[in-house]
Amino acid sequence: MLRLLRFGPKGAEVRPDQQDPLLAAANLAAQGDKRAQRTLLVELGPALLRTARGILGTANPDVEDVLQEAMASVIAALPGFRGECTIRHFASRVAAQVALGARRRARVRARYSATRSDDELADVATSDSSPAESAEAARRRAALRELLCALPEIHSEVLALHVVLGFTVDETALTLNVPVNTVRSRLRRALASLRDTLQEHPPALEILQEEA
C-alpha cells in the first residue's frame, strides 16, 4: 500500500456552523471598502505567505510577487465567496491557484534556460532540525513541487491543499466546495498519476513510501 508523506502541519478543524471572525470584514471588502480590504489582508497575510512559500519554496525569488498577486486575487474573488468554508481557507485556495500558476510558468521558462537557481529548491531550516534533516526535507518538498506542475490542475490543487498546506480531507472538500468523496477520488487519481511519473522524476520516489 502506498502512502503520501505530508509536509504541512495538519489543518485546524473547519466548523461551518461557527461564525467566521473574518466574515464581516470580507463582506465589506467585497463591496469595495478599502479599509476593510486592508484589515482583511493584514489578517490573511501569514496564511497567504505560507501558501506561496509551501508551493514555490521558501527562498524562491518569486514569493513576494506571488504574494502580492495572491492578495489582489483574493480581493477580486471575494464577491464570489459563498461561505462554503472559512475566509482563511478560501484565501489559501486562491493563493494556491496563483502559486501553482506561477510555478508552471517558471517551469516553462526553465526549459529554455541552461541553468536552474538553487534558490528555487531551497527552504529555511527549522530550529529543531539538523542540517541533514533540513536538506532531506527540502529535497522531498522540491520533488513534490515539481510533480505538482506535471499533474492536471484539479489534481495538483487537491495535493497542494491536502499535502503541502496540510488541510484535512474534510477541510479540502469544504474549501473546494465539492463532496468529500470527490476529494478522495481526486487524491487517488493524483496518486496514480504520481506513480506513472515516478520514472521521469526519480527524486519523487521518496514521496511515496511502502507500508507494511
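So here's what we get for this one:
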{"read-out": "All positions within segment 61-88 that are among the polar types (S, T, N, Q) and part of a loop (DSSP other than H, G, I, E, B)", "value": "THR86"}
{"read-out": "Check on THR51, outside any helix (DSSP H, G or I), among the hydroxyl-bearing types (Ser, Thr, Tyr) and either in contact (Cβ under 8 Å) with a residue 60 or more places away in the chain or closer than 16 Å to LEU161 by Cβ (or both)", "value": "no"}
{"read-out": "ALA91 being small (Gly, Ala, Ser), modelled with pLDDT of 80 or more and either buried (at least 20 other Cβ atoms within 10 Å of the Cβ) or outside any helix (DSSP H, G or I) (or both)", "value": "yes"}
{"read-out": "Number of the condition not met by ARG105 [criteria: (1) within 28 Å of VAL180 (Cα to Cα); (2) out of contact with any Pro (no Cβ under 9 Å at 6 or more places or on another chain)]", "value": "(1)"}
{"read-out": "Subset of segment 22-39 that is within 16 Å of GLY83 (Cβ to Cβ) and not in a helix (DSSP H, G or I) - its residue that is farthest from the chain's Cα centre (by Cα)", "value": "GLN31"}
{"read-out": "Unique match (being at pLDDT 95 or above and at positive phi) among GLY57, GLY32", "value": "GLY32"}
{"read-out": "Enumeration of residues in segment 16-42 that are in contact with a Leu (Cβ under 7 Å, 6 or more places away or on another chain) and crowded, with 16+ Cβ neighbours inside 10 Å", "value": "LEU22, ALA25, ALA26, ALA29, ALA30, ALA36, LEU40"}
{"read-out": "Hey, GLU120 surrounded by 18 or more Cβ atoms within 10 Å (Cβ to Cβ) and at pLDDT below 95 or not", "value": "yes"}
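Residues checked against (1) among the hydroxyl-bearing types (Ser, Thr, Tyr); (2) within 18 Å of LEU174 (Cα to Cα):
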| site | (1), (2) |
| --- | --- |
| ALA25 | no, no |
| THR39 | yes, no |
| GLY45 | no, no |
| ALA52 | no, no |
| PRO61 | no, no |
| GLU69 | no, no |
| LEU78 | no, yes |
| GLY83 | no, yes |
| PHE90 | no, yes |
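The values are calculated or read from the model by the stated rules, or taken from the named source; none is laboratory data. Here the structure is a predicted model, which means the values were calculated and not measured. Every residue, glycine as well, gets a Cβ built from its backbone with ideal geometry; the counts of neighbours run over all protein chains shown.
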